[in-house]
Structures are given as structure tokens and as C-alpha cells.
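S.K.: Here's a structure for you.
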Amino acid sequence: MDFLIMNEGFPLLSTIVFLPLAGAIILLLLPGENVQRSWTMLVTMVTAAISLPLYSGFDPDTAKYQFAEHVSWIPSLQINYTLGIDGISLLLVLLTTLIMPLCVLGSWTYIQKRVKEFMVCLLLMETAMLGVFMALDFVLFYVLWEAMLIPMYLLIGVWGGPRKIYASIKFFLYTLAGSVMLLVAIIALYLKTGSFSIPMMMGQEYSSTFQLWVFLAFFLAFAIKVPMFPFHTWLPAAHVEAPTAGSVILASILLKMGTYGFLRFCLPITPLATLSLGPYILWLSIAAILYGGFTALAQSDMKKLIAYSSVGHMGFVTLGIFFLNRQGLEGAILQMINHGVTTGALFLCVGMMYERTHSREIADHSGIAQNLPVFVSFLTVFSLSSLAFPATNSFVGEFLVLAGAFSVNKVIAGAAIPGAILAAAYMMRLLQHVLFRGPGRPDIADLNVREIVTLAPLLCFVFWIGLAPEPFLSVMHTSVDYLIQQVDVARSAHIAMNVFP
Amino acid sequence: MLFAPELLLLIGSLVLFCLCLGKGNGKLAKNLTLGLAIAASLLSLATLNMKGSMFYDAYHVDLFSQLFKLGISVGFVAVLMFGSELKGIDDRMRPEYFLFMVLSTIGLMMLVSSVELLTLFIALELSSYSLYLMVPMRDDHGGLRIQMEAAIKYILFGAVATGIMLYGMSFIYGLTGTTYFVELIPKLHTLASTPTAMLAIALFMSGFFYKLAVFPFHFWVPDVYQGASNVTTAFIASIPKLGAVALLIRITTLVAPVGGEAVVTMLMILAVCSMFYGNLSALVQTDVKRMLGFSGISHAGFVLLGLLTLKDTGYATSMYYIAGYLFMNLACFLVICKVSRNGENVTIEDLSGLYKRAPLLAFTLLVGMMALAGIPPFVGFMGKFMLLTGALRDGHLPLVILAALNTAIAIYYYLSVVRVAFCSAPEERPDVPVDMLTRLVSISLIAVIIAMGVAPRQILDIATIAVKSIL
């Protein structure tokens, strides 16, 4: 257990995970829609507030898992309730806790029917998502990973758009089908190591064939979640039909679980398979970047456009991960956060317009800059961030990824460049229509205070990460270095074994 | 005291018999039966730690049997509570209906304690014949007399399965010269690898494969589920399966661990066939009961995964799984019984917009279906997870992969029910009234399904101790 820095005293992580769950149970008893909304807001705000000490108390000089908690759960199978965070998961946890209040605020008036049930689903999602990022036991991870499907299914299926049934079923089936083999891989790993503890599974000398199969099982589950080309087809459907809060959760947090899975499991547990299959995944990432870009260029529906842009952006993240160097990995993690901030904000923007015009078509919003100056200002900044304009957050992330890429393989890195140009093209096309074309919409009002408050924190993060990324990068240095070291140890051991049989 | 739960039900059934002699009084019979069932579950709980044997050692009372008795009586209470209106059964027949229900429960309770072949046979037939009679007691709804068809199929297949089982028993007696399990075990262990012994065990098991609805003894399932009234189906679908698993564990211990290879291969093939047959057929069903019937076949396949490890942990996992299955299944049948207004069958369409018509029922259905599908944090997931772990530990990798694939297939039809309940508009369908008793049962079932899924440790520990006591 030397890889855990145990948390003495107050169990901070458990409190953060279970506070939303407790809030959801109390919410069931509360009457009145406004009381329910305010209660949910309060619960998510408190969760966000108590998660801040995670950053201030985080020790960036160690790669061990901090704030760890360890309780025996099912002793006969060595299943434990183990929580802990390191430099890779810290920012994702914070992203989750900070995005959730904005989701509640963003659906304040959007959701008019079954408010209580909607808010319960949101809170259940928060518990499951936070748990996924903190779990250090594979069974705990899997339980939460799958449990998330039910509230997410309901969010899309009950409160979604016209094709919600198709979208929700596709989302559920796709994700579940991907994870069943993950379960088999987990059990196989358990039988090799005798433990379900994730850190104990790392750095073991599995045979390369075994690693290959485990890696493929992992890959299927995580690639569907990311989603990587060609497993992305559930994403546009789910994004378009989900209510605003659902889209934001999906884009900002759920997609990150796939890439988080690569970082947490694929690289350290199956390093040899990562080394041998990594190049293919790089090419898949390039395909995702180009495919996402070209498809986004052809969309007339704003939500679809952003959904396909997500495919491209997540392609940059996987690209950064599988180059296996420090810049690439740090860029990838930062890009995960950036995508959460920027795409979440864009979905919130589209949701705000949908409330007013009941349309997501670009054509129905042409020229609204004349009538909605505040909204358009926000939209412009977030669009620029999405295409990685300098001084915004995505620029730093993409720059690091590409810098990492060029230091390893110039061909692949060069192939990703058109993706960056495509991003500029489709976002500019959106902006051009919304800003300049058409007669404008005098019938709709500009953003109100609640909506400005919803978007403002994200705007701050866009510039904060864009101008001063160091506070975000500094916490991940040690963990990323350790991750690379884990892969390198496996590589050199393997080479040594091959040279001296 | 050892025999208290069975004795109580036996006396109760005599009282019920007297009630049927007079003019039918459904309400009195119902309350009496419910009282009996609750008392029987309390008595089973009280006798949980007792040990002993009676009737010339043909009847063993131990933790293993008492756990199953507890499960059987608790399931019985739940069925009576949510099925109390007994829609679909003619009022004049109700006392008889309750009489047979109680008799069937007694039969099952005796079955799990029987450790002698003839006692076992009588107990099994007592429970089966009562069920055969309960099926045709349904009202004749559409004039199609489907309940008669179901009853005929049930009894014919049942008789064949029983015949096969008796044939197997005759082999066992011929090989060993005894009908007592205690004496059988050492004798069969020495003979375990001989083909005759294998054949005998396989034939013997068939009777219980029939009860559990394992392929190829599943043919009665869809028609009986569809033809019997909703409450009858709820009973048949959940409670006898506990008895079947108990006996399958006992029979497997006859051959295990020596010379069990042929048995393992047989169980493996049956498990795979059951899973695929059940899941693939369930995909196209429109009647919810029929669908649950096919899903039951696939779950029976999963239960076999625990048996074929031939280890006490594997048996304990099977016990845990079937107990979980009891509650998940009851949760689904509760919804069916309530949604059906006059006792007619419920199609998937009929559940449209259930979350507006009866939110609690919709939630119960969600939990029940997702648990059956094996989604955490419900008991279905934990059960499947541990069954797969056990099977993989024994090196049955292909089997585990096939089982995992089945989980993915199954999700589709469970989800399609949930989809209709949550995502479709109710249209003209009226609200579903839910009485307090049903609410209570429904909330308790949800709580049990979640609690068993999150904290399986205690139940597994008890089950392991219970299994060790019979080895």
C-alpha cells in the first residue's frame, strides 16, 4: 500500500462523492419546483466548494495517490473501496465539481416538466462521475462506470428532443456493449495479480500476448466512450437529442472518461501492448481529427456541429496520449480540461438559444449579433477558444500536443495540421452566419443575469488557462513523468529480455 | 421446532381445505394465507441456525435448507402482498387457489430439506401438482382457453421430466443400493467416473433442469408464463427456482469434486445453450411475461456457471444469484400484476408512459429490469460478476466470453421495456392505482436489490457457511 498517501482525519474524497447522492435522497422529499432547483444548486455548489481544498492540499511533488481512503468491501474477492487522486485525476475531479452547478443553472428554465426527477438524475450522475475519477479499485470503478448509464439514459430518454428514443438506446447499447469485455479483462487481471487494486495491477510483468488481449478489451470500452473514429456514431445522436445539461455533462465529463481510461489503465497496466499498438491508434486519431473537422463543416445544426467538433478535439487528446512523451501527455490532459470548458460552454450557448427560438439551425439564428450583443460576445470567445486561437485555453493544449508530436513523428504531426485549419473553418463559418448574415431576430431577448452568471466562470477559465497555464500544468508534472517512466521500464525490460534470452 | 415452518403451513392448508368445502370466501382465505406466509417466514428465520434430522434421517434441517426456506417464504409473502387482488382468478375458486399455493410452498420447503430420494420425489411432486392445478384456474378471457393449453403443456412436460428423473434415480439405486444422500456420496464418489453413474446423475438432474427452465427442458416456459394468470406466473417464475437450485447443488455434490469432468462439460453446454436460446428468443417478444420467461431461461444458464465450478464458493455464488433473481423477478412481476387491470396479459406497449401513470411502479420496473440486465449497482451485476470471476478462475475463458456477450445481447430487450415505460407518451392509458401494501413491497424490493448489490459480503458469507455444511 506504499502507493497510497492515506488521508488522515476527515474523509474528504468520500464526502465529495457521496454528498450529491445524499442530496439526491433528500431532494426526493422536497416539494415545489423552485425549492428543488435551489436545493440541487446548493448541493452542487457545496460539493464544488469542498472540492477546492483538493487543489490547495495537493502535493505536486509525488506521483502517489493522495487523500486516499481504503476500506475492505468484499474481502473474499479482495475487493476494496479505495479512493485516491493523483495529478491526472485531480483536474478532472475539479472540472466535474465545477461544471455541475453550471449545468443546474443552465437548466433552470429549460427543464419544465419533472424537475425533481431531472435534478435527481443530475446528482446521481455527479456521484458516479466523481467516483469514476477517484476509484482505485477496478470493481468500484466498473460499478460506477456502468451505473452512470442509467441516469444518463434517463436524461436523454425522458427530457430529450424528438429522436430521443433512438439516441438514448444507441448511447446505452453502444457503451454497454463496449464495456462487457472490459469486465472480462478485469477478471483476467485479477486472476493474474490476485487483487482488484488498480495500482497493484500496474508494473506487473504480463506476457505480451496477455497484454495485447487486455489492451484490446480496454481499448474497445474506452474508444467508444471517447469516442474515437470509427466508434463515434452514438455521439452526434446523443448530443443533439440530449437536453442542455445532458449535452454538457456528456461533452465535458463523460467523454473524458475514455481518455482517462487510456491514461489510467492502458498505459501503466499494458505498456507493451501500448507500445506495439500505439502507432495504429495515432492514425485513428488523425482520422478522427480530419473526419470530425470535415463533417462539422457540413452541418447546419449547431449542436451537431459542436458534436462533430468534439470528435476532432478528442482526436487531439488521443494523439497526445499515444505519443508517450511529456509534452504530448500534458497537452492531452490539459486539452481534456479545455474541451470540457469550451465545449460545455458552447453547448450551454446553443441551449440558451434553443430556449428562445426552439431551433438549433444556424440559419434561424443568422445575424443575431445586432439583437443579442452579450450572447454573441460570449459565443465568439468560446468559438475562438474552440479553434485554438492564441491566448485561449485550447491553444496551449493543442500547442503542447503538436509540440510533442513533432518531436517524435513529423509525418503524423503534419497530418494533424489540416485538422487545426478545419477547426478554424467550421467555427468561422458558424460565427459568420450568426454575426453578419441575415436580418437578425428582433423578437428575442439578450441573455439575462442568470445566463451570464452561468457562462462567466467558463469565460474566466478560457483566459486563465490560455494566459497562465502553469497552475494547471504544475500539478500534473510528477504524475505524467511517473507514467512515462512506467512505460519506459516495461520497454527496456522487454528489450533486455529479447536481447539476452 | 425443527419442522415448525412446514408444520404451520400444513395446518394452515388443512384450515384452508375446510374453507373450500363451504361457500367460497376469497377474502378470508387471502388474509389467512398471508398470515400463514408471514408466520412461516418468521419461523424460518427463527429456525435459521437449528440443526437436526428427522423421519429416519430422510429429512435434514441445516443452515442450507433453512436459508432456502426463508427465501421461499419471503418470496411467497411478497407474491401474496402485491397479488392480493388476484385479478384473473374467479372469486369462487380463490380458497382453492390459495390452498394449492400453500401446498406448493410446503412442497418446496420440504424439497430443500429432503436428503433421501423418495422423500425428495414426494416433496417435488407435491409442489409440482399444486402448480399444475393453479395454471388452469384462470378466467377464460378471450374464449381461447389458453390457460388450459398452458396447463396441459405444463403437466405433460412435467410428467416427462419427472419420468426421466425417476429413471435416473433407479440407476442410482441400482448402482449403490441406497436412497440416502449420506450413504450415496461416498459410494458415488468411487463410481463417479463410470459412464453409468454419469448417466444416472444427468438423468437425475433433468427433473430440476425442468423446474429451473434450463435448455432443453424449457419448452413449457413461454406458454405457461403466457397462459397462467399474472400472479400464478409470478409464483412459478420465481419461487420454485429456489428449490431447483438447492437440489441441483445437492446433486452436484454427489459427484464433485472427483470425476466431475463429464458433469462440468454437460453443465457448460447447457449453460451456453440456455443463455443464447433465452436471450435471442426474448429479443422478439411483445408479451412482457413471455419475455421474462425467456429471460428466465438465460438466467438459469447463468446459475449453472456457479455450479460447474464444483467448489463451495461457486455454489454459494449460485445461491446468491438465485436469491437476487427472486427479488429482481418479483419486482418485474409486481409491475405486471398492477398494470394489468382485469388480469389480462400485459404487452410491452401497455407499459407506455408508465412513469407518468405510476412513477413508483415505473421506478420499480427500471430497477428490476436493469438488475436483470446486470447493470450495477444492483444485485444482478454483482451476481454475474462473481459467477464470471469464479468460472474464469477455473479456466473457462470461452464460456466467460460467451456469457459476457450474452449480457450485451440481453440489455436490448430489457432496455426496450424501460424505454416504453419512460420515453413513450401514455396516450389514452389511465393511471395505475397502487395501494399502500404494494408500495411497501415495491420499496422493500428496490431496497433489497440495491442492498444486495452494494453489500454482498454478508449474504455470501452465510451462503458459503451453508454450502460447507452440506458437503
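S.K.: What angle, in degrees between 0 and 90 and rounded to the nearest 10, separates the Cα long axis of helix A:410-435 from the longest principal axis of the Cα atoms of chain A?
M.R.: Taking Cα atoms only, the helix is inclined about 20 degrees.
S.K.: May I pose another question? For helix A:477-499, report the angle its Cα long axis makes with the longest principal axis of the Cα atoms of chain A; keep it between 0 and 90° and round to the nearest 10°.
M.R.: 40 degrees
S.K.: Any of A:K170/B:K338; B:K30/B:K153; B:K30/B:K87; B:K211/B:K289 with alpha carbons more than 21 Å apart? Name them for me.
M.R.: Violating the 21 Å Cα-Cα cut-off are A:K170/B:K338; B:K30/B:K153.
S.K.: Cross-link partners among aspartates and glutamates for A:K192, C-alpha distance below 14 Å, same-chain residues fewer than 8 apart left out?
M.R.: Result set, ordered by chain and number: A:E205, B:D394.
S.K.: Provide the per-residue ³J(HN,Hα) series for the range B:296-301, in order, calculated from phi with Karplus coefficients 6.51, -1.76, 1.60 and θ = phi - 60°, each as a whole number of Hz, with x at glycine and proline positions.
M.R.: Along the range B:296-301, the couplings run x, 4, 5, 5, 4, x Hz.
S.K.: Let me ask something else. Cα centroids of the range B:307-382 and the range A:308-381: how far apart, whole angstrom?
M.R.: Rounded to whole Å, the Cα centres lie 41 Å apart.
S.K.: Any lysines with Cα under 24 Å of the B:K468 Cα? List them, leaving off those in the same chain fewer than 8 positions away.
M.R.: Reachable lysines: B:K51, B:K69, B:K187, B:K241, B:K311, B:K384.
S.K.: Which residues among the range B:14-32 fall inside the zone where the amide N is under 15 Å from a point 7 Å beyond the Cα of B:D91, along Cα→Cβ?
M.R.: The answer is B:23-30.
S.K.: Now, a different point. Under 11 Å from a point placed 7 Å out from the Cα of A:V408 along the Cα-to-Cβ direction: which residues of the range A:219-255 have their backbone N that close?
M.R.: none
S.K.: Next question, about the same structure. Tally the DSSP beta bridges in the protein assembly as shown and give the antiparallel ones as a percent, rounded to 5.
M.R.: Values: 16 of 18 bridges.
Taking every DSSP beta bridge with both residues in the protein assembly as shown, the antiparallel ones total about 90 percent.
S.K.: Now, a different point. How large is the dipole of chain B about the Cα centre if only Lys and Arg carry +1 and Asp and Glu carry -1, each at its Cβ, rounded to the nearest 20 debye? Could you put the intermediate results ahead of the total?
M.R.: Working: 29 positive and 26 negative charges, 99 e Å.
The calculation lands at about 480 debye.
S.K.: Still on this structure, please answer the following. Percent antiparallel among DSSP beta bridges with both residues in chain A, to the nearest 5? Could you put the intermediate results ahead of the total?
M.R.: Numbers: 9 of 11 bridges.
Antiparallel bridges: around 80 percent, rounded to the nearest 5.
S.K.: For B:M50, project a label point 7 Å along Cα to C-beta. Then give me every residue of the range B:108-140 with its amide nitrogen under 17 Å of that point.
M.R.: B:109-115
S.K.: What do you get for the angle between helix A:302-322 and the principal long axis of chain A? Use alpha-carbon atoms, 0 to 90 degrees, nearest ten.
M.R.: 20 degrees
S.K.: What list of ³J(HN,Hα) couplings, whole Hz, do you get for the range B:453-469 from phi and the Karplus terms 6.51, -1.76, 1.60, once you set θ to phi - 60° and write x for glycine and proline?
M.R.: Working through the residues one at a time gives x, 7, 10, x, 4, 4, 5, 4, 4, 4, 4, 5, 4, 4, 5, 4, 5 Hz.
S.K.: Same structure, new question: Based on other C-beta atoms within 10 Å, arrange A:W108, A:W234, A:W145 from fewest to most. Before the final figure, lay out the partial values.
M.R.: Working: A:W108 17, A:W234 21, A:W145 24.
Fewest-to-most ranking of A:W108, A:W234, A:W145: A:W108, A:W234, A:W145.
S.K.: If amide hydrogens are placed 1.01 Å from N in the peptide plane, which non-local residues have theirs closer than 5 Å to the one on A:Y81?
M.R.: A:V71, A:S72, A:W73
S.K.: Taking Cα centroids, how far is the range A:78-127 from the range A:428-467 in Å?
M.R.: The distance from the Cα centre of the range A:78-127 to that of the range A:428-467 comes to 24 Å.
S.K.: At what distance in angstrom do the alpha carbon centres of the range A:228-262 and the range A:154-194 lie from each other?
M.R.: One Cα centre to the other: 12 Å.
S.K.: Additional query: A:V71 versus A:V453, label points 7 Å from Cα toward the beta carbon: distance in nm?
M.R.: Label at A:V71, label at A:V453, 3.5 nm between them.
S.K.: Sticking with this one: Can you sort B:L14, B:L304 from fewest to most other Cβ atoms within 10 Å of each residue's own Cβ? Spell out each step's value before the answer.
M.R.: Values: B:L14 12, B:L304 29.
In order of increasing Cβ crowding within 10 Å: B:L14, B:L304.
S.K.: Can you give the calculated 222 nm mean residue ellipticity of chain A, where each DSSP H run of n ≥ 4 adds -39,500 (n - 2.57) and the sum is split over every residue, rounded to the nearest 500 deg cm²/dmol?
M.R.: That calculation yields -23500 deg cm²/dmol at 222 nm.
S.K.: Please give the peptides A:73-81, A:326-334 ranked by average Cβ packing (other Cβ atoms within 10 Å per residue), highest first, as a rough proxy for protection.
M.R.: Details: A:73-81: 18.0, A:326-334: 25.3.
With the highest mean Cβ count within 10 Å placed first, the list reads A:326-334, A:73-81.
S.K.: Name the lysines eligible as straight-distance cross-link partners of A:K64: C-alpha to C-alpha under 22 Å, and not fewer than 8 places from it in the same chain.
M.R.: Here the lysines satisfying the reach criterion relative to A:K64 are A:K256.
S.K.: What is the spin-label model distance, in nm, from B:T347 to A:A445 if the labels are put 7 Å beyond Cα along the C-beta direction?
M.R.: 4.8 nm
S.K.: Next question, about the same structure. Return a whole-number percent for the relative contact order of chain A, with Cα pairs under 8 Å and 6 or more residues apart as the contact set. Before the final figure, lay out each step's value.
M.R.: Values: 835 pairs, mean separation 76.4, N = 501.
Relative CO of chain A lands at 15 percent.
S.K.: Sort out the exposed loop trypsin sites (Lys or Arg not before Pro) in chain B (DSSP loop, at most 15 other Cβ within 10 Å) and tell me the longest stretch that has none.
M.R.: Values: sites that count: B:K23, B:K51, B:R145, B:R341.
Looking at chain B, B:146-340 is the longest stretch - no exposed trypsin sites (Lys or Arg not before Pro) with at most 15 other Cβ atoms within 10 Å.
Just so you know, all these numbers are worked out from the coordinates, no wet-lab data involved. Small disclaimer: the values here were computed from a predicted structure and weren't measured. Glycine gets a Cβ as well: all are built from the backbone with ideal geometry, and neighbour counts include every protein chain shown.
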